[in-house]
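Some notes on the structure that comes next.
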There are 2 protein chains.
Amino acid sequence: MLFQAPILERRSSHVKLGGVTTRARRSERRTDALSKERIVETAIEILDAEGENALTFRALTTRLATGAGAIYWHVANKNELLTAAADDVIAAVMAGVVDTSEPEETIRAIALGLFDAIDAHPWVGAQLAPEPWTGLLQIFEGVGVQIQALGVPPAAQFNSASALVNYILGVAGQNAANARVEMGGGDRTAFLAKVADRWTERDPVDYPFAHQVAPQLRDHDDREQFLAGIDLILAGIATLR
Amino acid sequence: MLFQAPILERRSSHVKLGGVTTRARRSERRTDALSKERIVETAIEILDAEGENALTFRALTTRLATGAGAIYWHVANKNELLTAAADDVIAAVMAGVVDTSEPEETIRAIALGLFDAIDAHPWVGAQLAPEPWTGLLQIFEGVGVQIQALGVPPAAQFNSASALVNYILGVAGQNAANARVEMGGGDRTAFLAKVADRWTERDPVDYPFAHQVAPQLRDHDDREQFLAGIDLILAGIATLR
DNA sequence: ACCTGAACACCGTTCAAGT
DNA sequence: ACCTGAACACCGTTCAAGT
């Protein structure tokens, strides 16, 4: 599976440039010119390595060895930067999906690709505004075409695609929120155990379902559960035919 | 439909207290004591009236006629404040849902209640972290019990409830994101028209589904579409029996 | 126990000035 | 055209000091 975009793997060599001897040491100016692409790329590196809160213009200027104004010359504001970063990740996923001739299978591939990408870049889940955001459009389009191929009646296609996309975005948002919390320490199982503990702390009379389901919560696989939800919606869509 | 909590309607009378003549005018101290409840209540007022960005500790201290330290005595930090505010809204919805003897109907009532609440308080959609957050547990429990009543096999109950909840959260997140964008002006139809325009700007060859569906996007009803998604998932769950 | 409010360590963003 | 970096107007949070 190659859901990682080339742009994400390309490492820029701007941090240390010890080889340049003609350059005065104190100025440490980068060799390659600034560009929106390079800025977004660096932003993704920071977001992936240190989380959402670590992405500041000061952190960016340090890593890019430039001034704040330089960044603003290429990017309107922080929001545009975050959107562009998320779009990059989404675009890489959608480009990597291979279109099987089986629509349901392709939908699963899109969904899992997005799941894995957001698992690797949880901050993407927090960037879901449908404004300049082309990522959302791409997801919608990718899913929608498969819905058409599935033979869903035209009148129901919009709602069907919307259901799938909203479900995917819901999981994405949860992943982002979880990552924000988990950032401060332990592994996944420890985290789930803590949530399950909190659930079972409550009165079983008031929260019977939480109690019954807590053991499953403890050792479920997020990815499997995500896919089960996709299948559930696909099963629902199948009843429309 | 009474999905509005009592706490949300109770207007506190702290802004102007002209009747108090013994109080020195310049100090304008509030009459009632500070409490976490009152702070959360005021936070909700600000969030509803002016949006997420308007909720600052300075805005709070002004409205509550107090100092920053006073708020921190009752509330650990801003995140706890936001979580408490969201929990209040969710709790009000869940308390207002009447349990019909028909599980699918009750699930629809929960879902619509949450939809309406988040429509009225879009900032809630951005507070979905499953950490101290009891709101998420309440939703999960409310939905889960109905899933049990529906006769879904125990092994599939966790995934079924999870699918519904994640779908609801996805829509909630979208609503929050939309509200953030819409804050700066126009009505709902103007907003949808703008999104639809953006969709149809693209090449129809690359985005056939977006083009086909743009007219529906233009005049669809969010609430209806949301419910259609719930029904789709319920139809999928029905196939499990 | 509860509150005050100045101070601290940050933010995103702007802009006159440089090349 | 592109970049510099100080300055501005904010933030959330802390804390010595008051009652």
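Table for the structure above
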{"read-out": "Pairs where the first residue, in the range A:146-163, is touching a residue at least 40 places away in the same chain (Cβ under 8 Å) and more than 9 Å from chain B (Cβ to nearest Cβ) and the second is assigned to a loop (DSSP other than H, G, I, E, B) and surrounded by fewer than 19 Cβ atoms within 10 Å (Cβ to Cβ), C-beta under 6 Å, 6+ apart", "value": "A:G151/A:R241; A:V152/A:L240"}
{"read-out": "The range A:112-134: number of residues that are part of a helix (DSSP H, G or I) and at pLDDT below 90", "value": "3"}
{"read-out": "Residue, farthest from DNA strand C (Cβ to nearest atom), within the range B:57-91, restricted to residues that are surrounded by 20 or more Cβ atoms within 10 Å (Cβ to Cβ) and small (G, A, S)", "value": "B:A86"}
{"read-out": "Residue in the range A:177-185 that is in a helix (DSSP H, G or I) and buried (at least 23 other Cβ atoms within 10 Å of the Cβ) present", "value": "yes"}
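For every residue, the table says whether it meets (1) at the interface with chain B (Cβ under 9 Å from one of its Cβ atoms); (2) of a type in the set (S, T, N, Q); (3) under 20 Å from B:G144 (Cα atoms).
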residue: A:G170; (1), (2), (3): yes, no, yes
residue: A:F191; (1), (2), (3): no, no, no
residue: A:Y207; (1), (2), (3): yes, no, yes
residue: A:Q225; (1), (2), (3): yes, yes, yes
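The values are calculated or read from the model by the stated rules, or taken from the named source; none is laboratory data. Since we're looking at a predicted model, the values are computed, not measured. No Cβ is skipped: glycine too gets one built from the backbone with ideal geometry, and neighbour counts run over all protein chains shown.
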